[in-house]
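Let me begin by presenting the structure, written as structure tokens, before commenting on it.
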Amino acid sequence: MGSPIDSVVFNGYSDGQTEEVILVEIKTGKPRLSKRERDIKKVVEKGKVSFIEVNIDEGFTITSEFVEDKFTEDEDSLRR
């Protein structure tokens, strides 16, 4: 971490019940968010955040349900 986001907080994780995931950008003085940081903030505020699980087997084959689902969604939207 460090660019473009400095840290991720899993609020409640240590209590066994994660309630919230927080992206943290640390600033000193009076600096402002960069354009990229503002873009990320907007995407998060719109709820366009996903969790991706990627599995790599012994043969280095990579599988991910998210990627497969995403392609299916994109194909469906192209058909409309």
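The values are calculated or read from the model by the stated rules, or taken from the named source; none is laboratory data. Quick caveat: nothing in here was measured; it's all calculated off a predicted structure. Every residue, glycine as well, gets a Cβ built from its backbone with ideal geometry; the counts of neighbours run over all protein chains shown.
Considering region 24-40, and only residues there that are hydrophobic (A, V, I, L, M, F, W, C) and not in a loop (DSSP other than H, G, I, E, B), the residue that is farthest from the chain's Cα centre (by Cα) turns out to be Val24.
In summary, Val44 fulfils each of the numbered conditions (1) at pLDDT below 75; (2) of a type in the set (A, V, I, L, M); (3) touching a Leu at 6+ places or on another chain (Cβ under 9 Å) with the single exception of condition (1). When region 40-56 is filtered for residues that are of a type in the set (A, V, I, L, M, F, W, C) and within 15 Å of Val8 (Cα to Cα), the ones remaining, listed by number, are Ile40, Val44, Val49, Phe51. When Val43, Val21, Val49, Val9 are screened for being assigned to a helix (DSSP H, G or I) and within 13 Å of the chain's Cα centre (by Cα), only Val43 passes. Within region 33-60, being exposed (fewer than 10 other Cβ atoms within 10 Å of the Cβ) and closer than 16 Å to Ser3 by Cβ holds for one residue alone: Lys35.
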